[in-house]
Amino acid sequence: MTDATIRELSRHVGETVRLRGWVENKRSSGKIAFLQIRDGSGVVQAVVSRAEVDDASWEAVAAASQESTVHVVGAVKEDRRAPGGVELVTESLGVDAVSEEYPITPKEHGVAFLMEHRHLWLRSSRQRAALKVRSEAVRAIRDYFHDREFVLIDSPILTPAACEGTSTLFETDYFGEPAFLSQSGQLYLEPAAAAFGKVFCFGPTFRAEKSKTRRHLMEFWMVEPEVAFLEFDGLCELAEDFLTRVVARVLDRCAEDLKVLERDTSALEKVVGPFPRITYTEAIEALREKGVDIEWGDDFGADEETQLASLHDRPLMITRFPASMKAFYMEPDAEDPKLALGLDVIAPEGYGEIIGGSQRIHDPELLERRIREHELPAEAFQWYLDIRRYGTFPHSGFGMGLERFVAWMSGLAHLRETIPYPRMLYRIYP
Ligand code: 4AD
Ligand code: MG
């Protein structure tokens, strides 16, 4: 007898196969029962008719509560209306393990309850679809950079200093010294750019975000490319090309999952270059014209980002921010040093900032001054200054938050469903 996964069943029409999985749902009417069986690769309906199976199999049907582990032997029958195009005509069925009363039933549950049962919630179809989009997005991102000869440089998670401001640091004890969970791999990528030219890192990053929003996690994954001799215009082009390619690849590979998520994919098909580009100053003017009470020098909140993005159907690139509101390492604009050569990319449809990046300061004196002005511990940055002492070079890079990207692709309003085990304000269970 052939063992098969549900995904493979359409290749076995007319044959008898054996599969193992879990009972998602069961309906029965006297002499016939319908079991929805999930095995990780898909879901199939097993039809069991009393007249066709032995007593033990019929008793197993009765015992197979929701989420019980079962094995089924059945004939694969074509059924065009079924999700995978097939159903199983059961010849025998056995329960390997009876599930206790399963807490997540087909009725609606509140989010707090579902988060409490995240380890079980993962089995639900929408959660599976979102996490498969995530898995495919990770693959598309890695391929994008490997295909273009970027070298993967894993940046450390335990670090001695802040990269993105000191207010969101998670502190821990490192043998009597304070250490911080990494907010970004950037500072470690810049030196590697002098070794390899084009590099990227892709790993978990941590920010103690003390406000509760749907766009912030305490632990999130960021992909960060960094490129030697790349200046600001080139950076904007890289971000645009990267986004269009990765979105297209997700659209291509995740069609089934996006359907489960009921994502309107026509909105994603519009993500082709050129993306609209405006400066920070133009963005402020546009907002003021819409009656928003905002001054030059203010940061955009989620509402302002959504208002700006709603003017366009593709990602919006905002450039040249007041240097005072951005990180210490950003290169000033040669034409107006009040401005920093920073880039934010805002996703359409209200999904917020997905990319933040900049050209980096490569002048050692200016960088040293900025470290002082930002009151950062100078000793902890000596190694970082070395990059400017030993053959300095213009360079640029950006970071994209994976969960924001997946939320946008999947059409999910909240980041908590885009990562298997979200770390949120006041929640670290399970
Ligand atoms: O704009 P950010 O802070 O930029 C950096 O960290 C740079 N050092 C990156 C670089 O140039 N190499 O963060 C980059 C992106 C944001 O645009 C957003 O997508 C995501 O990281 N992000 C978060 N995602 C989820 N939860 C949070 N708390 C996030 N904070 C930032
Ligand atoms: Mg940012």
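The values are calculated or read from the model by the stated rules, or taken from the named source; none is laboratory data. If you're wondering where the values come from, they're calculated on a predicted model, not measured in any experiment. Using ideal geometry, Cβ is built from the backbone for each residue, glycine included, and neighbour counts are taken over all protein chains shown. All accessible areas refer to the heavy atoms of the entire protein, side chains included, with ligands and DNA or RNA removed. Shrake-Rupley method; radii C 1.70, N 1.55, O 1.52, S 1.80 Å.
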(request) Please sort 246-256, 363-373 by packing, taking for each peptide the average over its residues of neighbouring beta carbons within 10 angstrom, highest first. (result) 246-256, 363-373
(message) Limiting things to C-alpha atoms, what are the Rg and the maximum Cα-Cα separation (Dmax) for the chain, in angstroms?
(response) 26.1, 86
(request) With a point put 7 Å past each Cα toward its Cβ, work out how far Thr265 is from Glu373 in nm, to one decimal. (result) 4.8 nm
(message) So, for the chain, what is the accessible surface per residue at a probe of 1.4 Å, expressed in square angstrom?
(response) 48 Å²
(request) Report the label-to-label distance for Asp241 and Thr166 in nanometres (one decimal), using points 7 Å from each Cα along the Cα→Cβ vector. (result) 4.0 nm
(request) May I ask which of Lys210/Lys290; Lys198/Lys326; Lys26/Lys107; Lys26/Lys77 have a Cα-Cα span longer than 22 Å here? (result) Lys210/Lys290; Lys198/Lys326
(message) List the residues, sorted by chain then number, that are 5 or more residues from Thr213 or on another chain and whose placed amide H is less than 5 Å from its amide H.
(response) none
(request) Pick out which of Leu341, Leu35, Leu169 has the largest mean-square fluctuation in a Gaussian network model of the chain, springs linking Cα atoms closer than 10 Å. (result) Leu35
(request) With θ set to phi - 60°, apply the Karplus curve 6.51 cos²θ - 1.76 cosθ + 1.60 along segment 261-273 and write out the HN-Hα couplings as whole Hz, x wherever there is a Gly or Pro. (result) 7, 6, 6, 6, 6, 4, 5, 7, 5, 7, 7, 10, x
(request) May I ask you to evaluate 6.51 cos²θ - 1.76 cosθ + 1.60, the Karplus curve with θ = phi - 60°, for each residue of segment 92-100 and list the ³J(HN,Hα) values in order in whole Hz, giving x for glycine and proline? (result) 7, 8, x, 9, 7, 7, 7, 7, 4
(message) Can you pull out the trypsin sites (Lys or Arg not before Pro) in segment 32-123 whose DSSP state is coil and whose Cβ has at most 14 other Cβ atoms within 10 Å?
(response) Arg80, Arg81, Lys107
(request) Show the residues, 5+ positions off or on another chain, whose built amide H is closer than 5 Å to the amide H of Gly42. (result) Ile6, Arg7
(message) Report D for segment 2-97 in µm² per second (integer): Stokes-Einstein, Kirkwood Rh on Cα pairs, 37 °C, 0.692 mPa s.
(response) 256 µm²/s
(request) Starting from the Cα-Cα distance between Leu152 and Glu365, subtract it from 0.36 nm times their residue separation and give me the gain in nm to one decimal. (result) 73.7 nm
(request) Would you look at the GNM of the chain, springs on alpha carbons closer than 10 Å, and say which of Glu67, Glu108, Glu87 moves the most? (result) Glu108
(message) Let's test the formula: R0 of 41 Å, r as the Cβ-Cβ distance of Ser125 and Glu295. What FRET efficiency results, to the nearest 0.05?
(response) 0.30
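For a protection proxy built on the mean count of beta-carbon atoms within 10 angstrom, sort 413-420, 300-307 highest first, please.
Details: 413-420: 19.5, 300-307: 17.1.
Put in order of decreasing packing, that is 413-420, 300-307.
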(request) For segment 164-175, take each phi angle, set θ = phi - 60°, evaluate the Karplus expression 6.51 cos²θ - 1.76 cosθ + 1.60, and give the result in whole Hz per residue in order, putting x for glycine and proline. (result) 10, x, 8, 7, 10, 7, 9, 9, 9, 9, 10, 6
(message) Tell me the carbon and sulfur percent of the accessible area for the chain, rounded to whole percent, probe radius 1.4 Å.
(response) 50 percent
(message) Check which residues have an amide H placed less than 5 Å from Glu24's amide H, if you skip close sequence neighbours.
(response) Gln36, Ile37, Arg38, Glu67
